[in-house]
Amino acid sequence: MRFTLNGSAVDVAAHPMKRLLDVLRQECGLTGTKEGCGEGECGACTVLIDGAPVCSCLVPFAQADGATVVTIEGLGGTHPLQQCFMDEVGAQCGICTPGMILAAAVLPAGASLEEIRIGLAGNLCRCTGYSAIYRAVQAAQSRRT
Amino acid sequence: MTQSVGKSVSRKDGIGKATGATKYADDVVLPGMLHGRTIRSTIPRGTVKSIRFDFDTTGFTIVDHRDIPGTNVVALIRDDQPYLVETEVQHVAEPILLLAHADRDVLFAAKVVIEYETLEPVYDPLASAVSFKEISIEKGGVVASLAGAEIVVEGEYRTGHQEHVYIETNGVYAVPEEDGSITVHGSMQCPFYALKALKGLMGPATPVRVVQTETGGGFGGKEEYPSMIAGHAALLAMKSGRPVKIIYDRVEDMVATTKRHPSIVRHRTGLTRAGQLIAMDVEVIIDGGAYATLSEVVLSRGSIHAAGPYRCAHTHIRARAMKTNTPPNGAFRGFGAPQTEFAMEVHMDRIAEQLGMCPVALREMNALVPGDTTATGQTLRRDASALECLREAVARTDFIRKREAYRGTSKGIGLALFYHGAGFTGAGEERLRSRARLDLTGRGVRILVASTEIGQGTRTMHAQIVSDAMGIPYEDVEVAMPDTAVSADSGPTVASRTCMVVGRILERCAQEMKARLAGRTPAEYLDTVGPLSVILEHVPPPWINWDDDTYQGDAYPTYAWGCDVVELELDPDTYEARPTHVTAVQEFGRPIHPALAQGQIEGGTVQGLGFALLERVVMRDGAMANPTLTNYTIPTTLDTPAMDIVMLENHYEGGPFGAKGLGELPIDGPAPAVVNAIRHIGLDLRSIPAIPETLLTCASL
Ligand code: FES
Ligand code: FES
C-alpha cells in the first residue's frame, strides 16, 4: 500500500484488514501511537489521516491507501504543543499524550476553552483530570501567535 | 543554593512522552520474542475436570501448574493465591494455563476446552462465612454513651467496585538471560513486590531480576497485580527459552485484574442536641473477592479513617473483609479510606439535617484540631488543618449563601471534609526499613531507588529534594529506572509515601553526600578519592507509638487534610447529575513541585467524580459484565467541570522540606461532596455510583 507517512512517500506491505494501529506500530516501527482500548473509546491511538484525527484502532489498513498519515513522530519534536505538554504537566504518565497532542494539533488557532474541551472529548486521560492539558494547549496557542 | 524545591521545574521525563519516543512495555520487541496468553476459568467456583487442546500445538509453549519450579503462590501477605489453578477454581478469570507463540493471531485463535465440576458460588459479602481479616478499634465506652445520647442517627452507605482504567493496560516481558537467570521488565508500581513473588515461584535455581518499564498509570492497579503477570511471563520464558511478552487487552485487564473493594458501612452516632459528637459505632464490611491479596491492609486503612476527621470520645469501629467468589479486589488510590470517608461524610449531612443544623456548623463544632485524639487514640500534632481547609472552602465558594439560594432548584451544593494518613500504617514503615541510594556521578549524583515514576512525578520531585539538600543544580541530579539489581529497596510506590518517606531518606542521603564531598566537586572527588555511594535507611519519627493488636496509637506519622465543595445540576428529565464546579482545598505539608501537586489534586478529584457519578462495574455471575471503555465510562473532558484548586501549607517536620504525602488524599472527598450536593437538591441517596437509574429510584426528602 502506498501512502504518505509523516511527510515521506512509503510503500508498506500488510494485510488490508489489519488495523492501521498495528501496521504503524509493527510494520512501520512507530510505537508513539498507543493502544488503550482497541474500540475507539480512548483516543490513545489517534493519528491524522488527511488532516483529520481518527482512532487508528478502528481503521483498516486499506483506508490508508493514497492517504496522508501523520503520527506523533511526524510532529518532529519541536511542535509547540510538545514542549507545552511537558512544561504545563499536561503529561503525567504520558500514555494518552501522543493522541492528545494530535487531537489538539488540529484545533483552530485561538480555540476557546469550550472548543478545546469539545475537541478533546474523544481522548481519555486518567491522570490529569484534563485541566493541565487545557493549560498546555492554551500555552501552545499563545506561543504560536 | 539552587532552590528548586517549591518551584515547578521541568519534569525529569524529558520530551519523550510528548514525542512518542518513550518506550512502554508493549513498545519493546526483542529478537525471537514470543507472545504470551493466559487461559482463564469461566466459572466462579468449582474444580477443573479436564483440559483439552482443540488446536495444533506445534510451535506453542504451554505451561500449567506442574511447570512451576518453586511454589505455586503469589507471595504477598497471606500467600493463598496460586499463580495457576491446580484443581480448585475460586473466581471467574482465574489463570489456569499459559500459552506462548511467535504469531499473535495464531496464539489467540488457539482453543482450549476446559470441563469443570461446579460448586455454589458466594457473591454477597454479607452472606459469606469466610473473612480474611477482622479489626476492632475501640475508644471509651460506646454502648453506654449511645444509650445516654440525646440524639442517635443511624445509616447504611454503600460504594461499588471501581476499575482503575490506567490507559496503559497491564503488560510485561520476561527475558531468559545467558546465565540462566530471568529478567522481567514491566509496567508496575512495586518492583520488589514482584521480585519477592518471582523468587518464590521460580525457586532458588533460577535467579530473577525485575526492571520497571515506563508505566502508563497505576493508581494502585499496578501495585500487586503485576506480580501475577510477571510470574506468568517468567514461566513461559523459562520453558520456551525465549523472551515472552504478555500484554492484556482492555477486556482482559478489566475482567481479570483488581478493582476497588465494594463497601457497606453502617453508622450509629450519638450526639447532643447542640450537635456535639458523643459516640460513634461504625461497622465496615468490604468485599475482598476470592483471595486475601491486600484486603487486610485495605481494611486497616479504611477502618482507621472510618470515624472521619472528627473528635469523639467514644468510638467503636468494627471492620471485616469478606471472601466472595469474584476476582480479588485490591489496591486503589485511597486504599479503603475513600469508602469509609464517603459513609462518614454523607452521614454527617444526614445528622445535620436531623438536628436542623448547617452542615458547616456541625463540622466546625466537631472537626479534629491539634491536641485532639483520633479514633485510635493518636494525639494530633501541630500540623492538623481540618478547620483551615473547611473555612477556606466555605469562604471561597460562598457556600452558605449558595446553600440558601439553590434551595428548591435543580442545583445543589455539597461539601466533604476529609483527611488521609501518609505512609504505611502503624509500625509498617518500621518493619519495611526502606533504603535509598545515591551514587556520585561526574556531574552530580544519581538516585537509585525502587520508587517508581507512574506519572505522578517521582523522578522530578526526588531530584528536587536531592538537589536542594546537596546544594547542586537540579539538572545535575539523574534518576535511574528502578531495577532490583541495583536500586535500593525503598519499598513499594503506594500509600502516599514516595515523597514523605522516601523523599526524606533521599534528603538525608544528599546531606551525607554533601558532607563527604567536603567542598570538593563530584568530579574532583571521583578523581582523587574514587566512586562514592551513600545508602541510608528510613528512620521513623521517634514519637510513633503503635500497637498492632489493639489498634491503638499513632496510626500515621501525619495526615493530609482536605475539604471539597461540589456544585452540580440535576437534569429533571434524564436524572443525570452533572457537576458544574468543584473546589478542592487541600493541605499536605509543603508542595515540593506545585504544578505536579496540582496535577495530583486535579487528577484524583476527577477520579473521585467518576467514582461518584459514572463508574459502575456490573457484576454478573461473578464476572464484570461491562469490561470495555464503551460500557464502563470514566470522565471525559465533557464530564469534567472547572476546578478551583487551593493548596494550603502546614509543614510536617518529619518530611523532606516539610512535605507530607499527597497522592491519595484528593480521591477521598469528591464522592461524598457529590452525594451531599444531590441531597441538597432533595434526593435521599446513600450509595454510589449515582447513575440516573439509581437517582430515579431515590426517595425525595
Ligand atoms: S485504542 Fe483506539 S481508541 Fe482506544
Ligand atoms: S497522562 Fe496518564 S492517561 Fe493521560
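Residue-by-condition table, conditions (1) assigned to a loop (DSSP other than H, G, I, E, B); (2) at pLDDT below 95; (3) crowded, with 24+ Cβ neighbours inside 10 Å:
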position	(1), (2), (3)
A:V54	no, no, no
A:V89	yes, no, yes
A:Q92	yes, no, yes
A:I118	no, no, no
A:N123	yes, no, yes
A:C127	yes, no, yes
A:S142	no, yes, no
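Only residues that are out of contact with any helix residue (DSSP H, G or I) (no Cβ under 9 Å at 6 or more places or on another chain) and surrounded by 24 or more Cβ atoms within 10 Å (Cβ to Cβ): list them for region B:255-284, please.
B:K259
Take the residues in region A:79-108 that are away from ligand 1 (no atom under 16 Å from the Cβ) and touching a Ser or Thr at 6+ places or on another chain (Cβ under 7 Å), then tell me which one is farthest from B:D644 (Cα to Cα).
A:Q82
Restricting to region A:29-52, and then to whatever is in contact (Cβ under 8 Å) with a residue 40 or more places away in the chain and part of a strand (DSSP E or B), can you tell me which residue is farthest from ligand 2 (Cβ to nearest atom)?
A:A52
May I ask you to list the residues in region A:94-110 that are buried (at least 17 other Cβ atoms within 10 Å of the Cβ) and either under 22 Å from A:I49 (Cα atoms) or more than 15 Å from ligand 2 (Cβ to nearest atom) (or both)? Walk me through how you get there before you give the answer.
So in region A:94-110, the residues buried (at least 17 other Cβ atoms within 10 Å of the Cβ) come out as A:94-105, A:107.
Selection gives A:I95, A:C96, A:T97, A:P98, A:G99, A:M100, A:I101, A:L102, A:A103, A:A104, A:A105, A:L107.
Condition first: facing another protein chain (nearest Cβ under 7 Å), within 16 Å of ligand 2 (Cβ to nearest atom) and over 29 Å from B:N631 (Cα atoms). Can you find one or more residues in region A:65-82 that meet it?
Scanning region A:65-82 turns up at least one residue that is facing another protein chain (nearest Cβ under 7 Å), within 16 Å of ligand 2 (Cβ to nearest atom) and over 29 Å from B:N631 (Cα atoms).
Have a look at A:L102, A:L113, A:L107 and point out the one that is closer than 25 Å to A:V23 by Cβ and without any contact (Cβ under 8 Å) to a residue 60 or more places away in the chain.
After applying the criteria, what remains is A:L102.
Condition first: among the β-branched types (V, I, T) and within 14 Å of chain A (Cβ to nearest Cβ). Can you find one or more residues in region B:550-558 that meet it?
no
Name the pairs: first residue in region B:338-350 and buried (at least 24 other Cβ atoms within 10 Å of the Cβ), second residue of a type outside the set (K, R) and assigned to a helix (DSSP H, G or I), Cβ to Cβ under 6 Å, at least 6 apart or on different chains?
B:P338/B:I667; B:Q339/B:G302; B:T340/B:G302; B:F342/B:A671; B:F342/B:P672; B:E345/B:P672; B:V346/B:P672; B:V346/B:V675
Rundown of residues vs (1) among the aliphatic types (A, V, I, L, M); (2) more than 20 Å from B:L119 (Cα to Cα), yes/no style:
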| site | (1), (2) |
| --- | --- |
| B:D287 | no, no |
| B:L294 | yes, yes |
| B:V297 | yes, yes |
| B:R301 | no, yes |
| B:A306 | yes, yes |
| B:T315 | no, yes |
| B:R318 | no, yes |
| B:K323 | no, no |
| B:P327 | no, no |
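Could you list, ordered by first residue, the pairs with Cβ atoms under 6 Å in which the first is in region B:632-648 and within 8 Å of chain A (Cβ to nearest Cβ) and the second is crowded, with 17+ Cβ neighbours inside 10 Å and aromatic (F, W, Y), at least 6 apart or interchain?
If the second residue must be crowded, with 17+ Cβ neighbours inside 10 Å and aromatic (F, W, Y), the pairs left are B:T637/A:Y130; B:T640/A:Y130.
Residues that are under 30 Å from B:T340 (Cα atoms), at least 3 per element: which strands (runs of 3 or more DSSP E) completely within region B:202-274 meet that?
Strands (runs of 3 or more DSSP E) meeting the threshold: B:263-271.
For region B:189-223, enumerate the residues that are on the phi > 0 side of the Ramachandran plot and within 14 Å of chain A (Cβ to nearest Cβ).
B:G217, B:F219, B:G220, listed by residue number.
The values are calculated or read from the model by the stated rules, or taken from the named source; none is laboratory data. These figures come from a predicted structure and were not determined experimentally. Please note: Cβ atoms are built from the backbone with ideal geometry, for glycine as well, and neighbour counts cover all protein chains shown.
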